[in-house]
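Below you'll find the structure, written out as structure tokens, and then a few comments.
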Amino acid sequence: MNGNGVKVISSVIGILKNLISLVGILGILLSIHWTVPIALFVSTLPGIVLIFIAKSRSYKMNVTTSPLQRELGFTDGLFINKSSIKEIKINNLGDYLIKRWSHLYKNIQKRNLGLAGWEAKTKSFAALFLQIASLCVSLILINQISKGVLSIGDYVALLGAVTTVQTLFSSIGGNLGSIFETAIFNNALMSILEYEVKNGGDKKEDYVESIESISLDNVTFFYPRSDVKALANISLTIKKGENVSIVGYNGSGKTTLVKCLIGLYEVNQGSCYINGRNIKEINRESYYHKISAIFQDFFKYKYSVRENVAFGDLDKLKNDEELYQLLESVGLSNKVKNYKNKLETYLTREIPDGSDLSGGEWQRIAIARGFLKDSDVIVLDEPTAAVDPITELEIFELFNSLSKDKTTITISHRLGPTKYSDRIIVLDKGKIVEEGSFQTLIKKRGLFYEMYQSQSNWYKDENVFTEVENG
């Protein structure tokens, strides 16, 4: 259970405890005069209402200042990141960034102080209302003394009870406000997620033993709070053992398509099928267990070599033999064995005896992590975008050698490696505009041909177009 759940349960328990305490005290006060409990309840209402208003205003302020908070955090990070520090010094950005940070901080603090000032005023108003109510109740009790109904001792005791009742009512209001605050934050979270990932039932047929095919049927997808279709009316099937490349210009929907295929995104329209079964009817965890993915923005964990690789399958965390075998496959085994702490070496200079890796070496670590899992499908989503063409070619050759007998889905902005794909899917503005083998698409002279031709100076085979057309 997360912190919000504990907070709600604690608030509910607090409300119940306070209500139990209230029942007895209110019964006594009701016997003195029927107006006393009513006056006490009414006196706490403004405070309770103001709590709800304050929570709502606080949430709205958090929403409006969150972009500023993010920018402030990003600017903070520039001064402790070794990559950015170099540029800050070379370009004399220090004064400018400090002023920018100061402006952001003052802007946020101004809004925080404005809200704090408003809350202070409203609390003062609520406290004044409580005091007026206490005075009214005190006058009622004095009137009862004059009638001989109460003694002075009763009066003193009942004044204490009045204070207790007001405190209990205020506490209930605070607990209700806490529940309200949790509710509005959870509603905001759900509106962002927009859907609930369902793991399916416990029946045997709900589990994926192997992935024979993945299909999309007339799928449309758009991101939350956007009316623009990231994917529109996509239909395709990828069968076991196929090597498929997905290409297109930036923003064409390549990564979105892959995330729909592997179940990270729920489609808005249409359906996704795994082995002919709707993905909503299968156990999602069992499906993910059969998929490995190496994303463009793969993470560089500042942990040990062991963990960086074993995060692909934690069941193999202590399996040194398999970890070294995979490191050998990606060409990093000797490097790791030469480290003082071998597999326990941290991949960061921030830890004693740690080591840093080049961009290409980090790519190989990511590939090792992706292939550690015994998966049926492997996804390579442009992880070579930041390396030179020679390193990229080495990585693609490594990827192809490791992915034999697996279903492979590759996204690449460079089109040379697509020559080795069984099928190429060309996306443009969220739609499949071309599909076929490399030779077929070159002969077609459509969008793929246009994209490949624009990159042709990157490739050694300058006569590829003539050879394909004559072949």
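Every read-out reported here was derived from the displayed coordinates using simple, explicitly stated rules and does not represent laboratory data. Nothing here was measured: the structure is a model prediction, and the numbers come from that model. So basically every Cβ, Gly included, is an ideal-geometry build from the backbone, and we count neighbours across all protein chains shown.
Take the residue pairs K55/K229; K89/K337; K239/K444 and return only those whose Cα atoms are more than 32 Å apart.
K55/K229; K89/K337
Estimate the FRET efficiency between F125 and T164 by the formula 1/(1 + (r/R0)^6), using the beta-carbon distance for r and 22 Å for R0, to the nearest 0.05.
0.50
Which one is right for this structure if volume of the Cα convex hull per residue in Å³ is calculated from it: (i) 131; (ii) 273; (iii) 232?
(iii)
When the chain is fully extended, how far beyond the present Cα-Cα distance does Q325 get from E281, taking 0.36 nm per residue of separation?
Gain on extension, Q325 to E281, equals 12.1 nm.
How much length, in nm to one decimal, is gained on full extension between N112 and F74, taken as 0.36 nm per residue of separation minus their Cα-Cα distance?
Gain on extension, N112 to F74, equals 11.7 nm.
Go through 266-276, 284-294 and give me the packing order, highest mean Cβ count within 10 Å leading.
Per-residue mean Cβ counts within 10 Å order the peptides as 284-294, 266-276.
Among 429-438, 52-61, what's the highest-first ranking by average C-beta atoms within 10 angstrom per residue?
Packing proxy ranking, top to bottom: 429-438, 52-61.
Starting from a Cα-only point model with no solvent, please compute log10 I(q)/I(0) by Debye for region 3-193 at q = 0.14, 0.17 1/Å.
Each listed q corresponds, in turn, to -0.90, -1.10.
Can you tell me how much longer the chain between K7 and D154 gets when fully stretched, taken as 0.36 nm per residue apart minus their C-alpha distance, in nm with one decimal? Present the calculation step by step, with values, prior to reporting the outcome.
Numbers: separation 147, 0.36 × 147 = 52.92 nm, distance 3.88 nm.
Difference between extended and current length: 49.0 nm.
With a 10 Å Cβ neighbour count serving as the proxy for reagent exposure, in which order, fewest first, do W34, W118 appear?
Going from sparsest to densest Cβ surroundings: W34, W118.
Just to confirm the number: angle between the C-alpha axis of helix 389-402 and the first principal axis of the chain, 0 to 90 degrees, nearest 10?
Tilt relative to the chain: about 90 degrees.
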